[in-house]
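Since the structure comes first, as C-alpha cells, the remarks are kept for the end.
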Amino acid sequence: MSSPIRMLDLLSSLNEAEQIDFQRFIVSPYFHKATVPEGLDILLTQVLHYLNQSSDRKDFNREAVYQVVYPGQPFVDKKLEKMLTLLHQLLKRFVAIRHFEHTGDENDFSMQQLRYFQERGLTSRFEVLADEMRSNLSNIVPETVEHFRQRSLLEYEIFKFEHSFKPGKAPHTSIPGTVEALEAHHLLIKLELFNQYMLAQKRVLFQLPDEFRDILRNSYFPPDLLTKYPLLLLSHRIFLLLQKDVPEIADFEDAHQLFNRYEQLISSAFAQVYLTYLRSLCALLVNNNHTQLLYTLFELSKEHYTRGYMFMEGGKIWHNHLLAASNVALRAGALDWCKDFLEENKNRVFNDPPAGDHYRLCKANLLFYQGKHEQALDFIPQSLASLDYLLFARRLELKCYYELKSDLLEYKIDAFKMYLSRASKSLISTSIRERNGNFVNMLTQLNNTRNDDASRSKKLLTRIAARDNITDREWLIEKVNSAR
C-alpha cells in the first residue's frame with residue numbers, strides 16, 4: 001500500500017474536530033522542523049473534501065487536486081507524491097501527539113519528565129520526582145493492572161539513574177525493588193494470558209500444545225508476591241481453577257470468598273474480569289453436564305448483577321450477559337427473577353438493534369419456559385449478528401415447534417442441519433458445530449420415537465448421555481422421559 005493511500009486511511013479515522021485540529025497543526029512550526037511547503041494547507045483541504053465525498057480510493061483524482069493546489073501549472077506527479085508523503089508524516093506525528101495527550105495519565109507525563117531529568121543530569125529534580133511517584137504508586141487503592149506497569153517502569157528508571165549518576169552509591173541497592181516490580185508485572189500479564197488461553201481451550205476443546213503444557217507445569221508463582229499483591233493472588237486463583245478438569249462447588253465458593261475479602265483493594269474493571277471468569281467457567285461445566293453446579297452458577301450471576309458488576313459505564317449491559325444470566329435463571333427454575341431481570345434491562349442492552357432483538361430472544365426464552373410456545377415463536381428474531389444468539393434462536397425455535405407438534409419441525413430441522421454443514425470453519429468452530437449437531441441429531445431421533453416405544457426411548461437416553469459435547473441436554477432428557 002502506497003504512502004498516500006495509507007495517509008488517506010489514517011486521515012479518514014479522524015472525526016470533524018480532529019480534522020480541524022490537524023489543519024491548524026500543519027501550519028504550526030512548533031511541531032515540525034521543516035518549512036511547510038506552499039500549498040500544503042490547500043492540499044489538505046482538497047483531501048478532506050474528497051474523503052467527505054467518497055469512500056472509494058479510486059475516485060481520488062490526482063491531476064484535479066494538483067490544479068487546485070498549483071493552478072495553471074503542468075501536472076507533476078512526483079511533486080504531488082512528495083507533498084502527500086509529507087502530509088502523511090505530519091499526520092502520523094499529529095496522531096501520536098494527540099493520542100498521548102488524551103490517553104496518558106499523570107504518571108505517564110511524570111515518567112517523561114523523569115527521563116528528561118535523567119538525560120539532562122538534573123539529579124536533584126530526578127530524585128524528588130522519583131520519590132513522589134514511588135509514594136503515589138505505593139498508596140494507590142484500588143490497584144489496577146496499569147499500576148503494575150507504571151511501577152515496573154519507575155523502578156527500572158531509578159535503577160538506571162543510580163547506575164549512571166550515583167557512582168558513590170552501589171547500584172545494587174535498587175536492584176531488589178526493580179526485580180520485584182518487573183516480576184510482579186510479568187507474572188500478572190503471564191497469568192492473564194494463561195487464563196484466557198485455558199478458558200478458550202475449555203470452551204472450544206482444542207488440544208493444548210506440548211510446549212504450552214511444559215510452560216504451565218514449570219511456571220512458579222512466589223507465595224510472597226501473591227500475598228503482597230491482591231491482583232496477583234486473585235489471578236492465580238483463577239489459574240488454579242482453570243487447571244482442574246471439574247472444580248467442586250467449594251472451589252467456586254472459596255474463589256468468591258477470596259474476591260469478597262479483597263474487593264475494596266482492586267479496580268472495578270479487574271473485579272468484572274475476575275467475576276466473568278468465575279461465571280464463564282461455571283457455565284461451561286454446567287453446559288457439559290455438570291449440572292450440580294447449576295445453582296452455584298445462578299447464585300453467582302444473581303449476586304454479580306445485584307452488585308453492579310454486569311454493567312458497563314453508563315449503565316449499559318452486554319447482550320451476552322443478558323442471555324447468560326436470564327437463561328441460567330430459567331434453568332434453575334427462577335422464572336420470576338428472570339422476568340424482573342429482563343424488564344429492568346430491556347432498554348439497557350448495549351448496541352441492541354432498534355427492534356430490540358437481543359431482548360426479544362431472551363423474552364422468547366422466558367415465554368418458552370412458561371409454556372407459551374406460540375408467543376415465544378413470535379418473539380424469536382430471524383436474524384442476529386451474534387453467532388451465539390443466532391444458534392440459540394434456531395434451537396429455541398426447534399424446541400417450540402416440537403412442543404407444538406408442528407408439521408414444520410422436520411423442515412426446520414433440515415434447514416438447521418444444512419446451516420451447520422455449510423457454515424465455514426472460520427465462522428463456527430468444530431466444537432460448536434459438534435455441540436449443535438449432536439442436539440439436532442438427538443432431536444430428530446426424539447421426533448421419530450413413538451410414545452409407546454420404551455425400548456427406543458431407553459436407547460435414546462443412553463445416546464444422549466454418551467454425548468459429552470451437546471447443548472440443551474436437560475430438555476432432551478426431559479422430553480424423552482415424558483415420551484416413555
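None of the figures in this text is laboratory data; all of them are computed from the coordinates on show. On a predicted model such as this, the values are computed, not experimentally measured, just so you know. A quick note on method: Cβ atoms are made from the backbone with ideal geometry, for glycine too, and the neighbour counts reach across all protein chains shown.
What the table shows:
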{"read-out": "Label assignment, semi-axes √(5λ) of the Cα gyration tensor in Å derived from the structure, set (i) 53, 37, 20; (ii) 37, 30, 19; (iii) 73, 33, 22", "value": "(i)"}
{"read-out": "Loop-resident sites, segment 282-336, for GluC sites (Glu not before Pro), counting at most 16 other Cβ within 10 Å (DSSP)", "value": "313"}
{"read-out": "Angle in degrees between helix 335-345 and the longest Cα principal axis of the chain, rounded to the nearest 10", "value": "30"}
{"read-out": "Rounded tilt (10° steps) of 175-204 against the dominant C-alpha axis of the chain", "value": "40"}
{"read-out": "Cα-based reach from residue 202 at 21 Å (exclusive), listing lysines while leaving out same-chain residues under 8 positions away", "value": "190, 244, 425"}
{"read-out": "Prolate/oblate/rounded label for segment 412-484 (Cα gyration tensor, a/c 1.5)", "value": "prolate"}
{"read-out": "Cut-off 9 Å between beta-carbons: net charge of the residues surrounding residue 436, Lys and Arg +1, Asp and Glu -1", "value": "+3"}
{"read-out": "Euclidean distance between Cα centres, segment 274-348 to segment 180-232, Å", "value": "26"}
{"read-out": "Size of electric dipole in segment 310-406: Cβ of Lys, Arg +1 and of Asp, Glu -1, about Cα centre, debye, nearest 20", "value": "220"}
{"read-out": "Charge dipole (debye, nearest 20) of the chain; +1 at Cβ of Lys and Arg, -1 at Cβ of Asp and Glu", "value": "1300"}
{"read-out": "Nearest-ten-degree value, helix 357-369 long axis tilted from longest Cα axis of the chain", "value": "20"}
{"read-out": "Shape call, segment 297-367: gyration tensor on alpha carbons, a/c limit 1.5", "value": "oblate"}
{"read-out": "Residue 109-residue 81 FRET efficiency (beta carbon distance; Förster radius 45 Å; 0.05 resolution)", "value": "0.75"}
{"read-out": "Mean Cα-pair separation over length for the chain, i.e. relative contact order, pairs under 8 Å, 6 or more apart, %", "value": "8"}
{"read-out": "Added length on full extension, which subtracts the Cα-Cα distance from 0.36 nm per residue, residue 203 to residue 63", "value": "44.9 nm"}
